[in-house]
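Below is one structure; the comments refer to it alone.
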Amino acid sequence: MSKQIIMKKVILKILIIIIALIVIFPLCVLLSTALKSDREIASGFVSLTPEKLLWENIPKAMGMGDWPRYFFNSALITVITVVCSLLINSSAGFAFARLPFKGKNVLFYCAMIGMMLPMQIIMLPVFLQIKEFPLLGGNNILGQGGIGLINNYWGIILPLIAHPFGVFMSRQYYMNFPKELDEAAKLDGCSALSIYVRVYLPLSKSLFATLGLLKTVDTWNQYTWPLLVTNTKEMQTVQLALNAFKGENTVQWNYLMAATIVIILPVLVLFIFLQKYFVQGIVSTGMKD
Amino acid sequence: MKGKVKIAPYCFIAPFFIIFTYFYFVPVFKVIMDSFTDYDMFTKRNFVGLKNYIDLVKDETFILSIGNTFFYTACMLFPALVIGLLLACLIGSSLVKTRYTRMAIFMPHVFSMVAISMIWLYLYEPNNGVLNQILKTMHLRGSKWLRDPEIALFCLAVMGIWKSVGYYMVVFLSGLKGISLQYYEAAKIDGAGPVNTFFHITLPLLKPTTTFLLITGIISSFNVFEQVNIMTGGGPLNRTTTMVHQIYTAGFAEYKLGYASAMSVILLLIVIGISILNFGLTNKE
């Protein structure tokens, strides 16, 4: 009996490891290719292990193009988007969970419909909304005459901030708080704002960790919005720059892979250290974007 | 005092709703309005009635892109769901420790589509790319992969499966955790084998998870765009062009915004149809 179980365990283990190896194989190709010499690349893919680990490929690849600038762009956009979206969505979630007001249900369902609506469908009109943003980028009050938020960080950030799922998650989270919490605060004469700021925000750490993590990765990985909204090299994010890197000259696979590694590195680090929150977030939101 | 209480809640939701209205609701109306015009971003909009929609029906590339989108969804989503579920069952059986393998399988999900595309471009490289070299050592003939019109879309689907399978596994695992062990014990007492248990207990009890993944999966694979734009540009012979890629091309390369809006409306109708179907099916129970 116990022999049978051991056999079962061994077979299961081997099977799972084989599957994991298949999944991980492309990532191994990524790493090994990035460290190969030009000569090895030219002779085609022969083995997973480079003759010599050429770590200098990574700084070399970063030297081809203005990568510090692209990283700055991506980091700035990500930080602003995450902070703004956490504040905006959690305050809306707080109101939906705790404050009585007219039209609450209707407004909430309106927001939730937006959750089902993929951004790709409305990419044309959203682009126009960005271009015709009133009073900015040379536009008049009707949004005519200029370029609006095209080639502007806010043009990328604004469409990403309002996130119905963030509202939904925050509402669920705050609804689990005991009601006595804000009743006590109310007796002390606190306004809704001070209840939110003094009581709810300090207790939102795990909500913000999960939501913030998902939003960080989502924003960092954005390709479509920056592609539509920017048209100069200075405004490119890392994802756009990586795609452009592929297009320049003939493809030098080792440098392309080296650049790819650098770009996924922030996400990889977050993933390795915060894996638990990642999985928690994915499971509880069920949706990534 | 009373007036103050009334206004406060709206102040909390205002920042969200102003941005949400500006970037979600107004665009939905705008795209429907624009689909009846010949807008080209530079000249004034002229009302053209149903002309865009009539042109769409005659547009062979667009019809092809609808077919491609359906094909991609079928080839990517269903295998990914099945593999994800099987993996979840294998890994969830808790006989062995799987922390690191789980992590490895889930990892591709968190990387950007651009990065993933770069890796797979090298795997699929027709001259001396990874897959062809491996086939060569096994004395098999290589393929042109993404440049072969017959299999290019399928290649994209395989990459999609690879990227999403870990996500489906993780969601299924959480679904499995929600199933009470009593069911399994009862099945064991009744002498049900693992296959029987799977089909009569696991699968029916996982239905909410499966429906959820199916609906969100259909909607997201109907909107496949990034990998198409990065890896194939819709080619070869338009065999990998998808609906969103057509919208992008018509709108941002040819500046036929009115026409592209009509395409968007078609896609919007399909997504609404799927959502209604979903609500209909889930409300029945």
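Quick look at the numbers
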| read-out | value |
| --- | --- |
| Residues that are among the β-branched types (Val, Ile, Thr) and assigned to a helix (DSSP H, G or I), drawn from region B:199-224 | B:ILE201, B:THR202, B:THR209, B:THR210, B:THR211, B:ILE215, B:THR216, B:ILE218, B:ILE219 |
| Helices (runs of 4 or more DSSP H) enclosed by region A:87-180 - at least 2 residues per element that are aromatic (Phe, Trp, Tyr) | A:104-116, A:153-161, A:164-175 |
| Among (1) surrounded by fewer than 23 Cβ atoms within 10 Å (Cβ to Cβ); (2) away from every other protein chain (no Cβ under 11 Å), the one test that A:LEU211 misses | (1) |
| Test: residue in region A:250-271 that is outside any helix (DSSP H, G or I), at the interface with chain B (Cβ under 9 Å from one of its Cβ atoms) and aromatic (Phe, Trp, Tyr) | no |
| Qualifying residues in region B:20-55 (those that are surrounded by fewer than 20 Cβ atoms within 10 Å (Cβ to Cβ) and of a type in the set (A, V, I, L, M)) - the one nearest to A:CYS84 (Cα to Cα) | B:VAL26 |
| Residue in region A:11-35 that is surrounded by the fewest Cβ atoms within 10 Å (Cβ to Cβ), counting only those that are over 22 Å from B:VAL110 (Cβ atoms) and at the interface with chain B (Cβ under 9 Å from one of its Cβ atoms) | A:LEU15 |
| Region B:124-139, subset closer than 18 Å to A:ALA34 by Cβ and assigned to a loop (DSSP other than H, G, I, E, B), residue modelled with the highest pLDDT | B:GLU125 |
| Residues of region B:173-187 that turn out to be surrounded by fewer than 12 Cβ atoms within 10 Å (Cβ to Cβ) and either within 14 Å of chain A (Cβ to nearest Cβ) or charged (D, E, K, R) (or both), as a count | 3 |
| Any chance B:TYR168 is buried (at least 18 other Cβ atoms within 10 Å of the Cβ) and at the interface with chain A (Cβ under 9 Å from one of its Cβ atoms) | no |
| Evaluation of B:MET118 against (1) farther than 19 Å from A:ILE17 by Cα; (2) part of a helix (DSSP H, G or I); (3) more than 8 Å from chain A (Cβ to nearest Cβ) (one fails), failing number | (3) |
| Hits in region B:105-134 - residues which are closer than 21 Å to A:GLY44 by Cβ and under 17 Å from the mean Cα position of the chain (by Cα) | B:SER117 |
| Region B:1-19, subset assigned to a helix (DSSP H, G or I) and more than 10 Å from chain A (Cβ to nearest Cβ), residue surrounded by the most Cβ atoms within 10 Å (Cβ to Cβ) | B:GLY3 |
| The listed residue being among the acidic types (Asp, Glu) and surrounded by fewer than 18 Cβ atoms within 10 Å (Cβ to Cβ), out of A:ASP182, A:ASP188 | A:ASP188 |
| Yes/no for A:VAL83 being within 24 Å of A:SER170 (Cβ to Cβ), in a helix (DSSP H, G or I) and either acidic (Asp, Glu) or under 25 Å from the mean Cα position of the chain (by Cα) (or both) | yes |
| Those residues of region B:57-79 which are within 30 Å of A:PHE271 (Cβ to Cβ) and either outside any helix (DSSP H, G or I) or touching a Lys or Arg at 6+ places or on another chain (Cβ under 9 Å) (or both), in sequence order | none |
| Residue within region A:181-190 that is hydrophobic (A, V, I, L, M, F, W, C), modelled with pLDDT of 85 or more and assigned to a loop (DSSP other than H, G, I, E, B) present | no |
| Conditions (1) more than 10 Å from chain B (Cβ to nearest Cβ); (2) over 20 Å from the mean Cα position of the chain (by Cα); number of the one not met by A:ALA111 | (1) |
| Flag for A:GLY114 being touching a residue at least 12 places away in the same chain (Cβ under 8 Å) and in contact with a Lys or Arg (Cβ under 9 Å, 6 or more places away or on another chain) | no |
| Of all residues making up region A:41-56, the number that are surrounded by 13 or more Cβ atoms within 10 Å (Cβ to Cβ) and more than 11 Å from chain B (Cβ to nearest Cβ) | 3 |
| Which listed residue is more than 11 Å from chain B (Cβ to nearest Cβ), touching a helix residue (DSSP H, G or I) at 6+ places or on another chain (Cβ under 8 Å) and crowded, with 16+ Cβ neighbours inside 10 Å, from A:LEU86, A:LEU124, A:LEU99 | A:LEU86 |
| Given (1) at pLDDT below 90; (2) in a helix (DSSP H, G or I); (3) in contact with an Asp or Glu (Cβ under 6 Å, 6 or more places away or on another chain); (4) not polar (S, T, N, Q), number of the condition A:ILE282 does not satisfy | (3) |
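Residue-by-condition table, conditions (1) within 14 Å of chain A (Cβ to nearest Cβ); (2) farther than 18 Å from B:THR242 by Cα; (3) in a loop (DSSP other than H, G, I, E, B); (4) at pLDDT below 95:
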position: B:VAL26; (1), (2), (3), (4): yes, yes, no, yes
position: B:PHE29; (1), (2), (3), (4): yes, yes, no, yes
position: B:ASP40; (1), (2), (3), (4): yes, yes, yes, yes
position: B:ASN52; (1), (2), (3), (4): yes, yes, no, yes
position: B:ASP55; (1), (2), (3), (4): no, no, no, yes
position: B:LEU86; (1), (2), (3), (4): yes, yes, no, yes
position: B:CYS89; (1), (2), (3), (4): yes, yes, no, yes
position: B:LYS97; (1), (2), (3), (4): yes, yes, yes, yes
position: B:TYR100; (1), (2), (3), (4): yes, yes, no, yes
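The values are calculated or read from the model by the stated rules, or taken from the named source; none is laboratory data. Just so it is clear, the structure is predicted and the values come from calculations on it, not from any experiment. Positions of Cβ are backbone-derived with ideal geometry, glycine not excepted, and every protein chain shown enters the neighbour counts.
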